[in-house]
Amino acid sequence: MTEKIFDTIKNEFKISLNRKNHPYKLATLGTVGLDHMARLRTIVVRDISKDLTVTFYTDKRSKKVTHIQENNKVSLLFYDPEKSIQLKIEGIASLIKNPDILQEHWAKVSERSKKDYITSKAPGTEITGTETIEYINESHHFCMIAIEPKKIEYLKLNTDKHLRIRYSLSHQNWKGIFLVP
């Protein structure tokens, strides 16, 4: 049964890449920096590979990049409210540094969305109002982060009884075990 559910998880991730409003298009990313404080934020999932590596875009000046450089162990949380399914991924994050890959993805970013990566000040910098945001045109701060999963936890919430399974990656194979919900 764990293999069948794991196949369903992989299929839902695949479907999410082509459906704008799929619940797995967005995830909550959890990081912990040197201050040992958990930080959570929503990210837009840009790709999920066959090996379930999750990729997203960000501004390379963002705090999440700093936290990942300090501690690359991260978590992602997905939730499908219609199916009452929660997926938690624990993995290792890395910055994609290959300039060809970065340029290929940068070219796919819409002109409207490119503004998110060309502000003169870093994300999270205090400003007096949105009208004071300045944009630079000669360069950008586009960055890609890949998360290689090590554990995936599946939780199906039911009124009768919940179902919880932890999948762990070992020697290139995923092994599922049932957990008390």
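Across the accessible surface of the chain, with the other protein chains kept in place and a 1.4 Å probe, carbon and sulfur atoms take up 51 percent.
Each of [x] 1.03; [y] 0.95; [z] 1.00 is a candidate for Rg/Rh (Cα atoms, Kirkwood Rh); the one calculated from this structure is [z]. Working note: Karplus 6.51/-1.76/1.60 with θ = phi - 60° gives segment 38-44 the couplings 5, 10, 10, 7, 7, 10, 9 Hz, where Gly and Pro are set to x.
Which residue fluctuates the most in the chain, going by a Gaussian network model with Cα springs under 10 Å, if the choices are D59, D160, D47? Sorting by GNM fluctuation, first place goes to D160. Beyond 16 Å, what share of the Cα-Cα pairs of segment 142-181 remains, rounded to the nearest whole percent? Result: 51 percent of Cα pairs exceed 16 Å. Spatial offset of segment 148-180 relative to segment 1-78 amounts to 16 Å, using the alpha carbon center of each. Computed with a 1.4 Å probe over protein heavy atoms only, the accessible area of T132 comes to about 60 Å². For the residue pairs K25/K161; K10/K150; K50/K121; K60/K115; K20/K73; K20/K97, the C-alpha atoms sit more than 25 angstrom apart in K25/K161; K50/K121; K20/K73; K20/K97. Would you mind telling me which residue in D116, D51, D35 has the biggest mean-square fluctuation in a Gaussian network model of the chain, where springs connect alpha carbons within a distance under 10 angstrom? In this elastic network of the chain, the residue with the biggest mean-square fluctuation among D116, D51, D35 is D35. Here the spin labels are modelled as points 7 Å beyond Cα on the Cα-Cβ line, and at T42 and Q103 they lie 3.4 nm apart.
Considering only I48, I136, I118, the mean-square fluctuation computed in a Gaussian network model of the chain, springs between alpha carbons under 10 angstrom, is largest for I136.
The values are calculated or read from the model by the stated rules, or taken from the named source; none is laboratory data. Please read these numbers as outputs of a predicted model, since none were measured by experiment. Positions of Cβ are generated from backbone atoms using ideal geometry, with glycine treated the same way; all protein chains shown enter the neighbour counts. Just the protein is used for accessible areas: all its heavy atoms, side chains included, with ligands, DNA and RNA removed. Shrake-Rupley method; radii C 1.70, N 1.55, O 1.52, S 1.80 Å.
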